[in-house]
Amino acid sequence: MTAPAQPQTQPQVYEGIAVSGGVALGPLHVLRGPGATARRAGDPVQEAAAFKAALNEAATALQALIEAEDSLAGDILEFQLALLEDDDITAPVLAAIAGGTPADRAWIDKMDAEIADYRGDGDGVLAGRAEDLSDLKNRVLSALTGSSAALAEVPAGAILVAEDLTPSLFLDIDWSRLAGAVTTGGSPTSHVAILARARGVSLVVGTRLAVEGLPAGGTAILDAAAGRLTVNPDSAARAAAEAAGAAEAEKERAIAAVLHQPARTADGIPVMVLANIDAPALLDQVSSDICDGVGLTRTEFLFAGGRQPDEEEQLAFYRRLLAWADGRPVTVRTLDAGGDKPLPGVTIDGETNPFLGVRGLRLSFARPEVFRCQLRALVRAAEEAGNLKVMLPMITAPWELDQARAMLDEEIAGLRQAGIPCAHPALGIMIEVPAAALMAGDFEADFYSIGSNDLIQYTAACARDNPAVAALADPRTPAVLELIRRVVAAGEARGVEVSLCGEMASSPALISSLLDCGLTMLSCAPAQIGPVKLAIADYDGRGRNGADHG
Amino acid sequence: MSDIEPTVEWVSDAAVIQDPTGLHARPAVKLTRLAKTFEAAVEIRANHGNNWTNAKSPNKVMKLKAAHGEPLHVRAAGADAPAAVAALIDLLNRDFDD
């Protein structure tokens, strides 16, 4: 390819949603999705042969991927491979083809029916597999339309642009030779976004750019941290991107060196780094080897879309979570609905100020049947694994903890009477209301965990969702740090653990402030575990103001 | 017994599912792969349901939603039926080698 000699065209900037990654410069490469190529159907015999060939091609590709992937991704792919060999799936498709339906149509019809079946069942485990079915559907379709070969044409160091990426396609791509990807659609919470975060692939979604309008082979800067794609950048922007890319590569090497090691400050203080789990898919994508346990499980996802999971369904998830943690401590927060997390059928509508209303534990007391059901599932899980802890959100006064403990005791007594095994878990509280932070020592809790997002909002009187007051909601505001120090001191005085599980612990830039407060237990987003461990390793408490590692 | 419906000789047994998530994707794949190594028709049934389902279909096994702690019933009919049942029960007892 010859370099264009004409003057640079104007830079074009596209804003999207940052998922993960850093800054990179590379050629743009537009990827067409499966089905983008029109397919001409043959007679039923040819269609059956084409379908079988597509199944074989998909199976071969899956087999190769399974050998290359780690065991977690491998298990997901093994299930897809098994479905390819399932007569219950393929026989009806072949029957439809014999009846005159084109192969792609017959396959789409069967798989769409199965996907709807998995999704509509109401079972969490089954619904989670619907994504695999959808992935398998696209994989075979790609083989039928021949678009999988398109990947081979992607130049090294390219920024991929696609309307969307499926998990299959994502895993098919050798990201180590590419700069990253931009999708026009997609969501930061999709399976692909989780894969990208877990693997550190630069990804920006939801740019809504017109793929057809992009210059073929043009150069662009992908700033995945800012969620921005700049096409035709000027020379100053190129130089800055190159420098930033080199600095990031260096940082990634440093993170890789500490990721699987226990965290320790430069002056030798061990710090526990735990993971925040807010979706079951994380358990498939992240290895528990990189963390010291789970410091916060947001159980709201169990109730997504107004579902009311029964005791058995909740128990199944808690068991899965404990199995994933493999003996490491696991803290599960009881349902924390209300405020900015309304839940149809559970939260109270029409409150004038939901953040100061019936949310968290207050809502659990208003909906005791939902709370008691969750407590039963938790105490049953606690009987099977001694490492489970239960955390109450949005607690304000000591009597709330006493009341919750009484309810927990009642559920344990009821289960024992029914002959169902259960055990007392450690019962702790989340410190996110200034009243609780100031008087933490008055709460007979088995542990404290600071929820920094709400603590900042309530201390600074700044709504979390209002950018106009964001400057006042600085996490390092002295009042917030003072409250954190008080909670740490209360924990030391009572001899109980204190951790911090809010967003602050997921921000490497804030780690030094938290360690200055005397915290030695932090729970953060799984993707931030590496950067947070690096920030801890860089921290030296000797001679710092306010440092107290007694 | 009427001779309108031919009598099938089923060999059957049951074992408790130990995997904490029940018969989810990974165990379902292992179970169907093993069942497919036998010529006999092999079927399984969750303790909570009445329907026997083809143990050679991962899709059907997945949809059975057999849970942790409940017995899984296994039956087989055909030349190697006893061996098939014994092998599946053994896999359950080994907790799918996890």
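The values are calculated or read from the model by the stated rules, or taken from the named source; none is laboratory data. Please read these numbers as outputs of a predicted model, since none were measured by experiment. Reconstructed Cβ throughout: ideal geometry from the backbone, glycine too, with neighbour counts over all protein chains shown.
Looking at region B:44-60 only, could you name the residues that are in a strand (DSSP E or B) and away from chain A (no Cβ under 13 Å)? Result: B:ILE44, B:ARG45.
When you go through A:ALA377, A:ALA381 one by one, which is the residue that is within 14 Å of chain B (Cβ to nearest Cβ), modelled with pLDDT of 95 or more and farther than 16 Å from A:ARG405 by Cα? Before the answer, list the steps.
Working: A:ALA377 fails: farther than 16 Å from A:ARG405 by Cα.
Exactly one residue qualifies, and that residue is A:ALA381.
Annotation note: Cβ proximity below 6 Å between a residue of region A:134-146 that is among the basic types (Lys, Arg) and a residue that is modelled with pLDDT of 85 or more (sequence gap 6+ or interchain) occurs for A:LYS137/A:MET111; A:ARG139/A:ALA58.
Please find, within region B:11-34, the residue that is farthest from the other protein chains (Cβ to nearest Cβ) out of those that are in a loop (DSSP other than H, G, I, E, B) and of a type in the set (S, T, N, Q). Step through it out loud before you land on a result.
Here is the first cut: in region B:11-34, the residues in a loop (DSSP other than H, G, I, E, B) are B:17-24.
Applying the additional criterion that residues be of a type in the set (S, T, N, Q) yields B:18, B:21.
On the way: B:GLN18: 11, B:THR21: 5 Å.
Ranking the qualifying residues of region B:11-34, first place goes to B:GLN18.
Residue pairs whose Cβ atoms lie under 7 Å apart, sitting 6 or more positions apart in sequence or on different chains, and linking a residue in region A:478-507 that is assigned by TED's automatic domain parsing to the domain that holds A:PRO434 and over 20 Å from A:ARG298 (Cα atoms) to a partner that is hydroxyl-bearing (Ser, Thr, Tyr) and surrounded by fewer than 21 Cβ atoms within 10 Å (Cβ to Cβ), are A:ALA479/A:THR459; A:VAL480/A:THR459; A:LEU481/A:SER513; A:LEU483/A:THR459. Checking the structure you have, find out if any residue of region A:249-271 is in a loop (DSSP other than H, G, I, E, B), at pLDDT 90 or above, in the same structural domain as A:GLY414 (by TED's automatic domain parsing) and in contact with a Phe, Trp or Tyr (Cβ under 7 Å, 6 or more places away or on another chain). There is at least one residue in region A:249-271 that is in a loop (DSSP other than H, G, I, E, B), at pLDDT 90 or above, in the same structural domain as A:GLY414 (by TED's automatic domain parsing) and in contact with a Phe, Trp or Tyr (Cβ under 7 Å, 6 or more places away or on another chain).
When the helices (runs of 4 or more DSSP H) confined to region A:341-443 are screened for residues that are farther than 23 Å from A:LEU321 by Cα, those reaching at least 3 such residues are found at A:361-366, A:398-417, A:434-438. Evaluated against (1) closer than 22 Å to A:LEU274 by Cβ; (2) in contact (Cβ under 8 Å) with a residue 40 or more places away in the chain, A:ALA323 falls short on exactly one condition, (2). Here the condition is being among the basic types (Lys, Arg) and farther than 30 Å from A:VAL480 by Cβ; of A:ARG362, A:ARG405, A:ARG372, it holds for A:ARG372 alone.
For residues in region A:290-322 being of a type in the set (A, V, I, L, M) and touching a helix residue (DSSP H, G or I) at 6+ places or on another chain (Cβ under 9 Å), which is farthest from A:TYR448 (Cα to Cα)? If you could, list the steps in order and put the result at the bottom.
Step one: of region A:290-322, the residues of a type in the set (A, V, I, L, M) are A:290, A:294, A:296, A:302, A:304, A:315-316, A:321-322.
This time we only want the ones that are touching a helix residue (DSSP H, G or I) at 6+ places or on another chain (Cβ under 9 Å), so: A:290, A:294, A:302, A:315-316, A:321-322.
Working: A:ILE290: 23, A:VAL294: 14, A:LEU302: 24, A:LEU315: 24, A:ALA316: 26, A:LEU321: 21, A:LEU322: 21 Å.
Across region A:290-322, the extreme among qualifying residues is A:ALA316.
When A:THR37 is tested against (1) modelled with pLDDT of 90 or more; (2) of a type outside the set (Gly, Ala, Ser); (3) in contact with a Ser or Thr (Cβ under 7 Å, 6 or more places away or on another chain), exactly one condition is not met: (1).
Scanning region B:88-95 turns up no residue that is surrounded by fewer than 17 Cβ atoms within 10 Å (Cβ to Cβ), more than 10 Å from chain A (Cβ to nearest Cβ) and under 24 Å from A:ILE89 (Cβ atoms).
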